[in-house]
Amino acid sequence: MIGDFSMSEKKSIYEELGVDAKKEKVKKTFSGIINNECKGAFVNVIKDPFSPERYVTLHSDGDGSKFVQRLLHFFETGEEEIFQGMVDDAIAMNTSDIAAAGFVYETWLINDVLNIGLDPDLKEIIMTQVAIRLKELKKMYKAHGFRFQFLGGETADLPQQVKTAVFDVSIMAWVKEKHLIKGNIKDGDLIYGFASDGQANWENEGNSGIMSNGLTMARSCLMSSAYNTKYPMMLSNISGFFKGEFSVNDKLSELSGETVSNSLLSPTRQWPFVIIQLMSRLERKSALGMLHGIVINTGGGATKILNIGSDKNIEFYKSMPNPPAIFQLIKKVSGESWENMYETFNCGVGIDVIGENKQEFKDALAETSFSLKVKHYKLGHCRVKDEKTSEKNKLFLQSNYGKFVY
């Protein structure tokens, strides 16, 4: 206990399913190899060797295990369009991360890799849907002011290595130093958040807010155990992976009549659309310097903020809004603790934005929220104890279900 806040070492269900949400071992293994010239920023960056006024990043991510839910959905419904969402998630998981470090104004170079072990007919369906959605997203990004170049990629048939498919994207981008968001968190900075659920003005339907993390756990606890025998190719090494009671087509009142599967497959919001508008509004107010950090709440969920300004000793204080229905359902069915839920899922806040306690900063947030129809919340504040200490950052998270420290 730290004051009224509790701290637990209990393993989460996510970890028991073999997922390393904190990625501590990964960080330790590669810490001495990675080049990074701005340790406080949200992604690793180096100075462009050919243009000293710019920084460059190279980033890779994908839609993760969410593809397995898409495949299950397709087998049960025959809806080929469901594979388009893998593009939304894989693109957003990359573009959002680099946008959080200010990479929004310069050209992006993007490619993809589809590793697949499915039969040729299904492979063709998937590739066709990927191409359709890539074309649509390119157009959408251009309309929001981005320069998006797709350079193709690789489609590899790997039936002996891959049971279903893995879809990943890589992105290379540049940023002028004046636009780089360095994670230079200051004592007294405010923390705001933008909602992961609802319907943004560019989205065709409402979003459950799930984004693209924690899907292994969500799928395991929600989807019917009957799928263990019906679709053995979707199982992990864990016996009886599917432990739930719901079928793909089950509609639940607590999900506003949406099916369980569609709620799990809600795409990760295209956060660069929010970030570029926020940055542009701040620039017009000559207040861009008031923006000190942006966090995309994917791996690590509501605790991802611990990664920002990692070269300092910061205490973050966040008071979370009530989680949307999909998280309430996962919690209820799984029996997971709320402490671990907030570390596994974003729980309704897709990004955190950190900046000065100034009216220009607050106005830009409110104007962006109103313009794009994405709710925003005042979450809390930051305390920087000693910028030269080697102690790790701490998060004090308050919710309707308890107070936790991470």
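The values are calculated or read from the model by the stated rules, or taken from the named source; none is laboratory data. Computed from a prediction, not measured in an experiment: that's the story for all the values here. As a convention, Cβ positions derive from the backbone with ideal geometry for all residues, glycine included, and neighbour counts pool all protein chains shown.
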Out of region 343-394, which residues are at pLDDT below 95 and of a type in the set (A, V, I, L, M, F, W, C)?
-> Val384
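Select from region 366-377 the residues that are in contact with a Gly (Cβ under 8 Å, 6 or more places away or on another chain) and not β-branched (Val, Ile, Thr) and write down the one among them that is surrounded by the fewest Cβ atoms within 10 Å (Cβ to Cβ). I'd like the intermediate steps shown before the answer.
Of all residues in region 366-377, those in contact with a Gly (Cβ under 8 Å, 6 or more places away or on another chain) come to 373-377.
When the remaining residues are screened for being not β-branched (Val, Ile, Thr), the result is 373, 375-377.
Details: Lys373: 12, Lys375: 17, His376: 20, Tyr377: 19.
The selected residue is Lys373.
Going by what's in this entry, would Val248 be described as farther than 21 Å from Gly301 by Cβ, buried (at least 17 other Cβ atoms within 10 Å of the Cβ) and modelled with pLDDT of 95 or more? Walk me through how you get there before you give the answer.
Values: farther than 21 Å from Gly301 by Cβ: yes; buried (at least 17 other Cβ atoms within 10 Å of the Cβ): yes; modelled with pLDDT of 95 or more: yes.
In short, yes.
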Quick one: how many residues across region 93-128 are charged (D, E, K, R) and assigned to a loop (DSSP other than H, G, I, E, B)?
-> 2
State whether the residues of region 311-326 include one that is crowded, with 22+ Cβ neighbours inside 10 Å, of a type in the set (A, V, I, L, M, F, W, C) and either farther than 15 Å from Leu395 by Cα or free of Cβ contacts under 8 Å to residues at least 24 places away in the same chain (or both).
-> yes
For region 333-350, does any single residue satisfy the condition of being surrounded by fewer than 18 Cβ atoms within 10 Å (Cβ to Cβ) and of a type in the set (Ser, Thr, Tyr)?
-> no
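Being in contact (Cβ under 8 Å) with a residue 12 or more places away in the chain, under 29 Å from Leu278 (Cα atoms) and among the hydroxyl-bearing types (Ser, Thr, Tyr) narrows it down to one of Ser96, Ser65, so name that one.
Ser96
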Output the residues belonging to region 29-53 that are farther than 13 Å from Lys182 by Cα, in contact with an Asp or Glu (Cβ under 9 Å, 6 or more places away or on another chain) and either surrounded by 17 or more Cβ atoms within 10 Å (Cβ to Cβ) or touching a residue at least 60 places away in the same chain (Cβ under 8 Å) (or both).
-> Glu53
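Specify the residue that is farthest from Leu372 (Cα to Cα); the eligible residues are those in region 122-149 that are among the aromatic types (Phe, Trp, Tyr) and modelled with pLDDT of 95 or more.
So in region 122-149, the residues among the aromatic types (Phe, Trp, Tyr) come out as 141, 146, 148.
Still in the running and modelled with pLDDT of 95 or more: 141, 146.
Numbers: Tyr141: 14, Phe146: 16 Å.
The qualifying residue farthest from Leu372 (Cα to Cα) is Phe146.
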Where residues in region 268-297 are buried (at least 23 other Cβ atoms within 10 Å of the Cβ) and part of a loop (DSSP other than H, G, I, E, B), which of them is nearest to the chain's Cα centre (by Cα)?
-> Asn297
Hey, can you tell me all the residues within region 54-85 that are surrounded by fewer than 21 Cβ atoms within 10 Å (Cβ to Cβ) and hydroxyl-bearing (Ser, Thr, Tyr)?
-> Ser60, Thr77
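Please determine, by comparing only the residues of region 354-377 that are touching a strand residue (DSSP E or B) at 6+ places or on another chain (Cβ under 6 Å) and not aliphatic (A, V, I, L, M), which one is nearest to Gly198 (Cα to Cα). Talk me through it step by step, then tell me what you get.
Residues of region 354-377 touching a strand residue (DSSP E or B) at 6+ places or on another chain (Cβ under 6 Å): 354-355, 357, 361, 365, 369, 374-377.
Still in the list and also not aliphatic (A, V, I, L, M): 355, 357, 361, 369, 375-377.
Numbers: Gly355: 24, Asn357: 27, Phe361: 24, Ser369: 12, Lys375: 8, His376: 11, Tyr377: 14 Å.
So, considering only residues that are touching a strand residue (DSSP E or B) at 6+ places or on another chain (Cβ under 6 Å) and not aliphatic (A, V, I, L, M), the one nearest to Gly198 (Cα to Cα) is Lys375.
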For region 119-176, what are the residues that are under 21 Å from Phe83 (Cα atoms), of a type in the set (Lys, Arg) and surrounded by 13 or more Cβ atoms within 10 Å (Cβ to Cβ)?
-> Lys123, Arg133, Lys138, Lys163
Scan (1) touching a helix residue (DSSP H, G or I) at 6+ places or on another chain (Cβ under 9 Å); (2) at pLDDT below 95 for the single condition Pro232 breaks and write down its number.
-> (1)
